[in-house]
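Structure first, then comments.
Read the figures in this text as sums done on the coordinates, not as results from a lab. The structure presented is a predicted model; accordingly, all values stated were derived computationally and were not measured. Reconstructed Cβ throughout: ideal geometry from the backbone, glycine too, with neighbour counts over all protein chains shown.
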Amino acid sequence: MNAVLKVRSDLKDQLDHLAEEIHRSEADLANEAVALYLMHQRKIIDHIQEGLEQAQRGEFMPDDEMEAFFANYGEPTA
């Protein structure tokens, strides 16, 4: 399948320069970038879904583990 994708001019310039520098086509680089982005987004969605399912089953982190987490990494900021 072929598709048309509008790319910001600054990104297109970077894509052109990188493709030339590493001797690959812009299409190859764009396809690789889209594939990596989709894989990253899928992992995020899967983790969120897993957390929602755990919450629906009533599986929560014990208070002492949560307190230890915040002691290590700090309180969340608003």
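Based solely on C-alpha atoms, express the radius of gyration and the Dmax of the chain in angstrom.
20.7, 54
On a 0 to 90 degree scale, rounded to 10, what angle separates helix 26-56 from the longest Cα axis of the chain?
10 degrees
Can you list the HN-Hα couplings for region 7-22, worked out from phi with the Karplus curve (6.51, -1.76, 1.60; θ = phi - 60°), rounded to whole Hz and with x for Gly and Pro?
Per-residue couplings from phi come out as 10, 4, 4, 5, 6, 4, 4, 5, 4, 4, 5, 5, 4, 5, 5, 9 Hz.
Using DSSP loop states and a limit of at most 13 other Cβ atoms within 10 Å to flag trypsin sites (Lys or Arg not before Pro), what is the longest stretch of the chain containing no flagged site?
Longest run free of exposed loop sites: 25-56.
Considering only DSSP states other than H, G, I, E and B, which chymotrypsin sites (Phe, Trp or Tyr not before Pro) in region 31-78 qualify as loop sites with at most 16 other Cβ atoms within 10 Å?
The qualifying sites are F60.
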